[in-house]
Amino acid sequence: MTNSPEFSRPVKADQVKRLTGDTHIEADAAEREALARRFGLSAFDRLEADYSLTEENGAIMARGRVRAALAQPCVATGVPVPETIDTDFLLRFVVEGEGVPEGEELELDAEDCDTIGFDGQVVDMGEAVAETVALAMTPFPRSPEADTYLKEAGVLSEEQASPFAALLGLKDKK
């Protein structure tokens, strides 16, 4: 049994043609708290998106904008590092198991997009938006104190740890 996503906003595939205009979704406090646990965040103060859905070549295309305010623990100090995300997204939902027929190329226009598999019945825009935010987050957040903390802990900087630094150290010994 699979757990349902913390921020679930299902849309039935057969309703996509009838949808017009943008749809607005927003995570409530409990949903943001559950997502913060899942993504290892210190805080998740805002998550919302506006999007439109269209059907194109058997796929469902989601175009929109996601906005989030969150904080991740610094990789060195653990101190929360605030981050604001405000980005456009383009997602392509395809029925799982119905990939591109062999020998046929998948044409993507100038706007490259993420492809998400779904069961052919329902796309979950809440989960898609949550994953979009997770991908947009800074991968290794560092607080302003991180460099000082790492230096005091004896961790070498990238320049100090490079093979060239080792060679320079040998040269200095001569």
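The values are calculated or read from the model by the stated rules, or taken from the named source; none is laboratory data. Remember, it's a predicted structure, so these values are computed and weren't measured experimentally. For neighbour counting, all protein chains shown are included, and Cβ atoms are generated from backbone atoms with ideal geometry for every residue, glycine included. Protein only, heavy atoms only, side chains kept; ligands, DNA and RNA dropped before computing areas. Shrake-Rupley method; radii C 1.70, N 1.55, O 1.52, S 1.80 Å.
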(Q) Which condition from (1) modelled with pLDDT under 90; (2) open to solvent by 80 Å² or more (accessible area, probe 1.4 Å) is the one that Gly99 breaks? (A) (2)
Q: Residue by residue through region 39-69, note down the ones that are touching a residue at least 60 places away in the same chain (Cβ under 8 Å) and of a type in the set (A, V, I, L, M).
A: Leu47, Ala49, Leu53, Ile60, Ala62, Val66, Ala68
Q) How many residues are under 30 Å from Thr20 (Cα atoms) and not polar (S, T, N, Q) if we restrict to region 54-95? A) 24
(Q) Quick check on my filter: what residues within region 8-26 are of a type outside the set (Asp, Glu) and assigned to a helix (DSSP H, G or I)? (A) Ala13, Gln15, Val16, Lys17, Arg18
Q: Would you please name the residue that is surrounded by the most Cβ atoms within 10 Å (Cβ to Cβ), looking only at residues in region 111-137 that are aliphatic (A, V, I, L, M) and in a strand (DSSP E or B)?
A: Val123
Q: Scan (1) at pLDDT 95 or above; (2) open to solvent by 40 Å² or more (accessible area, probe 1.4 Å); (3) under 19 Å from Asp124 (Cβ atoms) for the single condition Arg18 breaks and write down its number.
A: (1)
Q) Can you pull out the residues in region 63-80 that are modelled with pLDDT of 95 or more, surrounded by 18 or more Cβ atoms within 10 Å (Cβ to Cβ) and hydrophobic (A, V, I, L, M, F, W, C)? A) Val66, Ala68, Leu70
